[in-house]
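The values are calculated or read from the model by the stated rules, or taken from the named source; none is laboratory data. Because the structure is predicted, anything quoted here is derived from the model rather than measured. In this analysis, Cβ positions are derived from the backbone assuming ideal geometry, glycine residues included, and neighbour counts consider all displayed protein chains. Remember, those area values only see protein heavy atoms, side chains included, never the ligands or the DNA or RNA. Shrake-Rupley method; radii C 1.70, N 1.55, O 1.52, S 1.80 Å.
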Amino acid sequence: MSSQQRSGIALVICAPSGAGKTTLIKRLIKEFPRFSFSVSCTTRKPRSNEEQDIDYDFITKKEFSWRRDAGYFAEWAEVHGHFYGTPLEATRALLSQGRDVLFDIDVQGASQLRRTIPGARLIFILPPSRRELERRLKERRTETPESLRQRLITAGTEMMQAYWFNTWIVNDDLERAWEELRAEYIAASLSPSLRPAFVNSLLEEWADDNA
Ligand code: 5GP
């Protein structure tokens, strides 16, 4: 076994909307080609810039229920009135091939994934304050006063779950948040659990010493 051979890391990134998750995820995938993005199934309609099987596997509610009942998903959740789920077997296959897999899923999904994919690294990206989160959401100019209010309430509910994540990254400065995410990923890739046989294969080179 080569010193660089290992199984893949499942990296789950959650954040309230406006915390900077999408920017950080794009950067991680660009810098580390070993990453695959986990393509979820969803019952929502594609947006104009989205492609089937690249952004999502867009399916009907009936198909979703069928797959869910057949145990197809590693996790699933209803978010903003639509269903979303992560395919279990496809994910396992990628990880065993040594691909790192990035999951952009909501908090309910993350709590299921930590059971179905043991060893998943769970990262929560936090805003520095409520005021700053509100400022960023307003800056996007995509929210009505009501949807802004709703997003802030949802952010509070999601952050109540932050305590069981492995890592918190406070995004008050994008460059620093990026450095922290990068460091977290590199640290995760050094875990002995990703290459349990490596030390044994190394020790075979020492076997003659004890003969
Ligand atoms: P959007 O519809 O804007 O792409 O995603 C809406 C929300 O659904 C985001 O918070 C995203 O993280 C979450 N989401 C996307 N795919 C999945 C999934 O497979 N499982 C879960 N639990 N949430 C997902």
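State which residue is farthest from Leu133 (Cα to Cα) when the search covers only the stretch 11-25 and only residues that are out of contact with any Phe, Trp or Tyr (no Cβ under 8 Å at 6 or more places or on another chain) and not β-branched (Val, Ile, Thr). So, considering only residues that are out of contact with any Phe, Trp or Tyr (no Cβ under 8 Å at 6 or more places or on another chain) and not β-branched (Val, Ile, Thr), the one farthest from Leu133 (Cα to Cα) is Lys21. Pairing residues of the stretch 74-88 that are farther than 14 Å from Val107 by Cα with residues that are of a type in the set (Asp, Glu) and assigned to a strand (DSSP E or B), at Cβ distances under 9 Å and at least 6 apart in sequence or on separate chains, gives Pro87/Asp57; Leu88/Glu75.
Residue selection: Asp100 satisfies the criterion of being at pLDDT 95 or above, open to solvent by less than 50 Å² (accessible area, probe 1.4 Å), acidic (Asp, Glu) and more than 9 Å from the ligand (Cβ to nearest atom). Only a single criterion out of (1) more than 16 Å from the chain's Cα centre (by Cα); (2) assigned to a loop (DSSP other than H, G, I, E, B); (3) modelled with pLDDT under 95 is not satisfied by Pro128, namely (3).
Here Arg68 qualifies as farther than 29 Å from Ala177 by Cβ, at pLDDT 95 or above and either surrounded by 17 or more Cβ atoms within 10 Å (Cβ to Cβ) or of a type in the set (D, E, K, R) (or both).
Residues checked against (1) outside any strand (DSSP E or B); (2) under 18 Å from Phe37 (Cα atoms); (3) of a type in the set (Phe, Trp, Tyr):
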{"position": "Arg67", "(1), (2), (3)": "yes, no, no"}
{"position": "Ala90", "(1), (2), (3)": "yes, yes, no"}
{"position": "Leu95", "(1), (2), (3)": "yes, yes, no"}
{"position": "Leu102", "(1), (2), (3)": "no, yes, no"}
{"position": "Leu122", "(1), (2), (3)": "no, yes, no"}
